[in-house]
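So the structure is just underneath, and the comments pick up after that.
All of the numbers you see were taken from the coordinates with simple rules; none came from a lab. Quick caveat, the model's predicted, so the values are computed rather than measured. Cβ sites come from the backbone with ideal geometry, for glycine too, and all protein chains shown count toward neighbours.
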Amino acid sequence: MDKKNALRAGAVAAGTTLMMLLMSSPALALTRDDGDDPGSGLSVAETLGLFVAAPILLFAVIAGLVMVLDKSKKA
């Protein structure tokens, strides 16, 4: 009986995954929507700056402000 339940759970999981893949077809992304006006793409340097350097810089600024403005007593 345990093997039957495992087989049923596997079938349900596989069916659910297949349905999700079919419903979210990436081919629909090729159709332009009304009012869609994409700009030019980003270069590699711009992408790295925007998604890597900027968050690291923002983290460093916030961490620095927290350390400088810390009012707790030093031990």
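Here are the numbers for this structure:
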read-out	value
Condition check for Leu7: more than 19 Å from the chain's Cα centre (by Cα), of a type in the set (A, V, I, L, M) and surrounded by fewer than 10 Cβ atoms within 10 Å (Cβ to Cβ)	no
Qualifying residue in segment 20-37 (condition: surrounded by 10 or more Cβ atoms within 10 Å (Cβ to Cβ) and small (Gly, Ala, Ser))	no
